[in-house]
Amino acid sequence: MYQLIELIAVVSSAIYGVLLARRHGMDLVGVFSLAFMVAFGGGTLRDLFLDRNPLFWIANDHYAVIVFVLAIVTSLIPMLPEKTERWLNLPDAIGLGFFSIAGALAAVEAGTSLFIASMLGVVTGTFGGVIADVICNRVPSLFRPAPLYATCSFLGCWLMFLLNASSLPEAYAVPIAIAGIVLLRLAADRWDWRLPHFAEDEVESKEQA
Amino acid sequence: MYQLIELIAVVSSAIYGVLLARRHGMDLVGVFSLAFMVAFGGGTLRDLFLDRNPLFWIANDHYAVIVFVLAIVTSLIPMLPEKTERWLNLPDAIGLGFFSIAGALAAVEAGTSLFIASMLGVVTGTFGGVIADVICNRVPSLFRPAPLYATCSFLGCWLMFLLNASSLPEAYAVPIAIAGIVLLRLAADRWDWRLPHFAEDEVESKEQA
Amino acid sequence: MYQLIELIAVVSSAIYGVLLARRHGMDLVGVFSLAFMVAFGGGTLRDLFLDRNPLFWIANDHYAVIVFVLAIVTSLIPMLPEKTERWLNLPDAIGLGFFSIAGALAAVEAGTSLFIASMLGVVTGTFGGVIADVICNRVPSLFRPAPLYATCSFLGCWLMFLLNASSLPEAYAVPIAIAGIVLLRLAADRWDWRLPHFAEDEVESKEQA
C-alpha cells in the first residue's frame, strides 16, 4: 500500500508542478524541473533527514520517467482553459494528503517520536510547494497568512496516530487520514479558513520599499 | 557541555525566528515554521554534510517541542514594543556564537581538517538566518555589504582552535570562543564594522530594473 | 582522471561565483560564500542524494582552500573591465560541462539507472547556479525562458552513455561529452538557441504586481 500512496502523491504533485510552471511561462526544461522538485522535494528531505538510502526516487526510478513523460505530454497540449487557478488546488491537496501520510509513516517506521513524525509528515507534504515558491521568487504560502495548509497536514498525521492508537488497523487509518487532509485542505481553500496572524510591522514594510 | 551549548543555541535561534516571523505578520504556522528553520537549519546541514545520524533534532526530540511551545506562547503575547528591531540582534548573536562552536566541534570530532571545521562552524552558525532570509524573499545579509556576521563566526572558530592548540582545556577554550563571537557580533552591529566591498556594477542594476 | 575533472569543475565554478559576487557588490565574505556555494552546491546535492560519504569537498579539503585563495586574490584586483557579462559565460560553461559529467559518472558508479544518472548529472551541473540565483533573489535561469542550459547537460550525459555503449573507452567518451556540453552551451548562448515556452498567464502577472 505504501508504494501506491507514494505513486499517487508523486503523480499529483507532478501535475501541480506542471500546471504551475505553465502559468509562469516556463519552457520544457523549466516545466520538468519544477515538476521534479515539487514531486520529489519533500520526500527527498524526509529521506535525507531519516538517512533512508537510496532516496525513494532513485530506488523507484520509474517515478522520474513518469514525471518526464507528464512534462512532455502536457507541453503538447495547447493552452489550458483560464480556470487553471482553480485546477491547481486539487492536485495540490491530493499531493499534500498522500505525501504527509507517507512522510509520517516512514518516520514512525524509522523509530522517531510521534511529534517528530508529525513534523516530518508536514515537511514531506509541504516542502515541494515551498521549494517551488522559493524558486519562483515568492514568499512561500506556508509563511504568508493564507488558508490552512500545513495545519491540515499536521492534523491529518495526528488523526492517523490516534486511529492507530485506538487499534484501528492501518488499512483503515491511513486512507481516513489522507482523505481528512485532502478534504480539510479543499474546504479551507473554499471557505478561506485561516489562523489568526500578527499585523505586519511598519518597520518591515519600509525595509522592503 | 555539548548538549548545553546546543540547547542554548536552539532556544536563542528559535526566539530570533519567532520575532522575525512576527515582524513579517505571519500566522502561527508561519511563526513555528520559521522558528523551526532558523533553529534547526544550520545544524541540519552540518549533520547531513558530516553524515551524522540521526539528526540532532531527531535524536533530541524535546528541541522541537521547545520550539513549538515557544511559538505558541509568544502568539499569546500582545504586540511587542516597537524596538523589536534592536531586540532581534541579541538572540541572533547568541545563536550565532553557540551554533558556530557546536558546528566546529562536531566537525573536528568527525575528523575533518581545521579549515573545513571552521567552514562548517560558519555554515552551522549562519545558515539558519540565510534560509530565513531566502524564505522571506530577501538577499541574505551574508551576501550583502552589512556589519560583520560570518566573519565573527569564522574568527571565533579559529580562536578556539588556537586556544586548544596552546593546550588550554576545552572547558575554557569553548566558552571564551563563544563569548568572543557574541561580543564581536554585537560590537560589529553597534559600531557598524564592515569589510570593504566592490562597487555594484551598473550592469546588474539595469538587469534588476 | 575523475579527480582532475572535479578540480577543473571546482575552479571554473569558483571563478564564476567570484565574478558574479563582484557584479553584485558583495564584500569578501559574500564573494567567498557565493564562490563556495556555486563550486560545491551541485556536487554536495549529488553526494547527499547518492549517500556518498564524506562529501567531495570534505574528502578533498584543498578544494575549499583553493576557493578561499581565489576569493582573496580576486579581491585585490581592481575593477574588472566592463565586459564581465561576457566573461561570466566561459567559466560557467566549463563548470557546467565538467560537473555534469562528474555527476553522471558518480551516479553510474553508484548503480543508478541511466535516466537517474542523467538527472543527477543535470543536478550536479546546474545546481550551483540555481542556488546562486536563489540567493541573489532572481528566478533561476533554469526556470526562465533562456538559452539552452540544463538541456546541454542532459544531452551531454546521454552522449557519454551512447559512446560508452558503443564500446568507446571512457578515456575518449568523457572528454568528448564534456567538450560537447561546453561548446553547445557557448553556442546556445551566442546564437540564443531556446526551447519553445508557454505564454505567461495574465493571472500570474497580476498576482506579482
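The values are calculated or read from the model by the stated rules, or taken from the named source; none is laboratory data. Bear in mind the structure is a predicted one, so any value in this text is a computation, not a measurement. All Cβ positions, even for glycine, are placed from backbone atoms using ideal geometry, and neighbour counts span all protein chains on display. For accessibility, only protein heavy atoms count, side chains too; no ligands or nucleic acids. Shrake-Rupley method; radii C 1.70, N 1.55, O 1.52, S 1.80 Å.
Figures for the structure shown
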{"item": "Region C:83-186: relative contact order in percent, alpha carbon pairs under 8 Å with at least 6 residues between", "result": "34 percent"}
{"item": "Surface share of carbon and sulfur [accessible, 1.4 angstrom probe, percent] for the protein assembly as shown", "result": "67 percent"}
{"item": "Residue-wise HN-Hα coupling along region C:132-142, computed from phi with Karplus coefficients 6.51, -1.76, 1.60 (Hz; x: Gly, Pro)", "result": "4, 5, 4, 4, 7, 6, 10, 5, x, 4, 3"}
{"item": "Label 7 Å beyond Cα on the Cβ vector: B:Trp158 copy-to-copy distances, nm", "result": "4.9, 4.9"}
{"item": "Relative contact order (%) - chain B, alpha-carbon pairs under 8 angstrom, separation at least six", "result": "22 percent"}
{"item": "Around A:Gly95: net Lys/Arg minus Asp/Glu count, Cβ-Cβ under 12 Å", "result": "-1"}
{"item": "Overall form of chain A per C-alpha gyration tensor (a/c, 1.5; a/b vs b/c)", "result": "oblate"}
{"item": "Within-15-Å neighbourhood charge of C:Ile58 [Cβ basis; K, R +1; D, E -1]", "result": "-3"}
{"item": "Packing-based ranking, highest mean first, of A:60-69, A:172-181, B:102-111 given that Cβ atoms within 10 Å are counted", "result": "B:102-111, A:172-181, A:60-69"}
{"item": "For region A:25-42, 3J(HN,Hα) per residue [Karplus equation, 6.51 cos²θ - 1.76 cosθ + 1.60, θ = phi - 60°, Hz, x = Gly/Pro]", "result": "x, 7, 8, 4, 5, x, 4, 5, 5, 5, 4, 4, 5, 5, 6, 10, x, x"}
{"item": "Gaussian network model of chain B, Cα within-10 Å springs - most flexible of B:Asn164, B:Asn137, B:Asn89", "result": "B:Asn137"}
{"item": "A:Ile94 accessible area, assembled protein chains, probe 1.4 Å, Å²", "result": "50 Å²"}
{"item": "Estimated 222 nm signal from helices in chain A, with DSSP H stretches of n ≥ 4 weighted -39500 (n - 2.57), rounded to 500", "result": "-25000 deg cm²/dmol"}
{"item": "Copy-to-copy label separations for B:Ala171, where each label sits 7 Å from Cα toward Cβ, in nm and ascending", "result": "6.1, 6.1"}
{"item": "Debye log10 I(q)/I(0) at q = 0.06, 0.08 Å⁻¹ for the protein assembly as shown, Cα point scatterers", "result": "-0.30, -0.56"}
{"item": "Part-to-part distance (alpha-carbon centres) for region B:121-140 and region A:123-165, which is given in Å", "result": "21 Å"}
{"item": "Neighbourhood net charge (14 Å Cβ-Cβ; Lys/Arg +1, Asp/Glu -1) for C:Ile72", "result": "0"}
{"item": "Accessible-area value, B:Ser167, 1.4 Å probe, nucleic acids and ligands omitted, Å²", "result": "100 Å²"}
{"item": "Spacing of the two label points (7 Å from each Cα toward its C-beta) at A:Leu162 and B:Tyr2, in nm", "result": "4.0 nm"}
{"item": "Across the identical copies, how the A:Asp61 labels are spaced - nm, sorted shortest first, 7 Å along Cα→Cβ", "result": "3.5, 3.6"}
{"item": "Computed E for A:Ser141/C:Arg138 - FRET, C-beta separation, R0 30 angstrom, nearest 0.05", "result": "0.90"}
